[in-house]
1. Could you give every pair whose Cβ atoms fall below 9 Å, whose first residue belongs to segment 487-516 and is at pLDDT 90 or above and assigned to a loop (DSSP other than H, G, I, E, B), and whose second residue is surrounded by 12 or more Cβ atoms within 10 Å (Cβ to Cβ) and acidic (Asp, Glu), counting only separations of at least 6 or pairs across chains?
2. For segment 312-332, give me each residue that is at pLDDT 90 or above and of a type outside the set (Gly, Ala, Ser).
3. Of the residues in segment 452-468, how many are in a helix (DSSP H, G or I), in contact (Cβ under 8 Å) with a residue 40 or more places away in the chain and farther than 21 Å from Gly129 by Cβ?
4. What is the one condition in (1) at pLDDT below 90; (2) touching a helix residue (DSSP H, G or I) at 6+ places or on another chain (Cβ under 6 Å) that Ser116 does not satisfy?
5. Condition (residue is buried (at least 24 other Cβ atoms within 10 Å of the Cβ), charged (D, E, K, R) and touching a helix residue (DSSP H, G or I) at 6+ places or on another chain (Cβ under 8 Å)) applied to segment 300-308: is it met by at least one residue?
6. How do the pairs read when you match residues in segment 339-361 that are among the acidic types (Asp, Glu) with residues anywhere that are modelled with pLDDT of 75 or more and in a loop (DSSP other than H, G, I, E, B), using Cβ under 9 Å and keeping only pairs 6 or more apart or on different chains?
7. With the requirement that a residue be assigned to a helix (DSSP H, G or I) and touching a Pro at 6+ places or on another chain (Cβ under 9 Å), what does segment 377-390 give you?
Amino acid sequence: MGDAQLYSVVAVLLVSVATVVVGAFGLRMSRTTSDFYVASRAVSPRWNASAIGGEYLSAASFLGVAGLVLVAGTDMLWFPVGYTTGYLVLLVLVAAPLRRSGAYTLPDFAEGRLESREVRRAASVLVVGIGWLYLVPQLQGAGIALRAVTGAPVWMGAAIVATVVVLNVVAGGMRSITFVQAFQYWLKLTAIALPMFFILLVWHSDGAPSPATAEWLRPLGGASGRDHPLYSTYSIVLALFFGTMGLPHVLVRFYTNPDGRAARRTTLVVIALLGVFYLFPPLYGALGRIYAADLLAVGHADTVVLLLPERVVPGVAGQLLSALTTAGAFAAFLSTSSGLVMSVSGVLHQDLLSRWARPGRRGTGRRAASPRRPESLRGFRAAAVASIVVPFVLSLFAGALSLADTVGLAFAVAASTFCPLLVLGIWWRGLTRTGALTGLVVGGALASAAVVITMVGGTRDGWTGALLAQPAAWTVPLAFATMISVSLATPRSVPPHVARTMVRLHAPEDVDVDRSSR
């Protein structure tokens, strides 16, 4: 094993140990059910924003964006723009009302708003599906990263991430991973920014060569659809702008805020943190065209962030900087996977695997029931293991799509399902149970079919390939249209307590809605 490989192995071990240690600190503060699931709804905006940044900046952000820019040029800048702007849409439409809903999970919100167990079950299936789809590129990226810097088999990197994530989630729940994710945001920012400082110094000393060629400026299409680049651009933008509000591991973070005002403040800080981070991945992709063009030729574009510092900065310094980016990449895999496993495990435990039933919910209009007591969390821990094993197996058979493309497909499914449910459920009292359920089924089925075909068969030529590789442009409008039209046709299935629910979503937290309605 060479020095560079040794440094990278040590970096991976250090970030894994640090993750477990920080999680253990959070475990000491997890004493109640509320601590375990939503950190007692007492996370400050700045702390929560750091945790959201750590959770949201996934394999696609740390490695995939730079790889796409390296492969397909400047039009891939829509990815970092879309990832950040999605939080602005979430801030305007969803953040505060969702926090006021009193729900713990997206299925809790769906049942509380529509007063329907059927809608809750559909939402639960979608949470698990989106979570697994988003987990696959995290584990796949871990395998790619470890293989690139050490030559280890692909499964080993995925196994390391899966093991550390399960240890943190089953031990301390949301309180524990909040500390972990906040720590990992700042680690990721340091790991991607500090090496770029030295790379830019070398680039400037070389006379600042430019990658701006005709090939560099070609339209979008190389990684996300070979034909019809304009359509692909609009579809990517739509998926990223509106998919963020439908990601279960993102939304669960807003349940940890003390109130709606804190949720809005958290979102503003998140936008700033993401904006700072996303300055750097495009620089890696651009400078990779100059110093690491061979990665494009051999199809290893997603490793450019890991390998560029060693290629540019000579000697031990470059090797240490590459080890630092490797540590940042594993922080990205660990933090995002922790949030996803927490969200998926909660839904698996409460809705799909547990026999525990909550009687008397339909038609009550009450807030979603709180999760089970800590002494019965053994089922949650089993669900946590199940929630990581399935995507681990899938990651071993993942296709040739880039990390960012795979994550983009998860955004498309989220935008086609939970986005219309949340927007219409929060802002339109006419949404009915039948309309919501039909829209979830139509949007989820169409988007999921496009995802499966693309992941199994790869991207295709012509309009068929473009529509399947980037489905959001047609699945999102269809989902909205279905929910609206079916709701208008079924006015009798409007929830009986919708007025009280809408007041709760939009009234200040200090208003006792239940007492006011009596």
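The values are calculated or read from the model by the stated rules, or taken from the named source; none is laboratory data. Predicted model only: the values in this text are computed from it and were never measured. Cβ atoms come from the backbone with ideal geometry, glycine included; neighbour counts cover every protein chain shown.
1. Pairs found: Pro495/Glu115; Pro496/Glu115; His497/Glu115.
2. Result: Val312, Val313, Val316, Gln319, Leu320, Leu321, Leu324, Thr325, Thr326, Phe330.
3. Of the residues in segment 452-468, 4 are in a helix (DSSP H, G or I), in contact (Cβ under 8 Å) with a residue 40 or more places away in the chain and farther than 21 Å from Gly129 by Cβ.
4. The failed condition is (1).
5. Looking for residues that are buried (at least 24 other Cβ atoms within 10 Å of the Cβ), charged (D, E, K, R) and touching a helix residue (DSSP H, G or I) at 6+ places or on another chain (Cβ under 8 Å), one finds at least one in segment 300-308, hence yes.
6. Taking only residues 6 or more apart or on different chains, the pairs are Asp351/Thr105.
7. Across segment 377-390, the qualifying residue is only Phe380.
Residue-wise test of (1) more than 30 Å from Gly129 (Cβ to Cβ); (2) modelled with pLDDT of 80 or more; (3) touching a Gly at 6+ places or on another chain (Cβ under 9 Å).
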position: Leu200; (1), (2), (3): yes, yes, no
position: Ala208; (1), (2), (3): yes, yes, no
position: Arg218; (1), (2), (3): yes, no, yes
position: Ala239; (1), (2), (3): no, yes, yes
position: Leu247; (1), (2), (3): no, yes, yes
position: Val252; (1), (2), (3): no, no, yes
position: Asp259; (1), (2), (3): yes, no, no
position: Tyr278; (1), (2), (3): no, yes, no
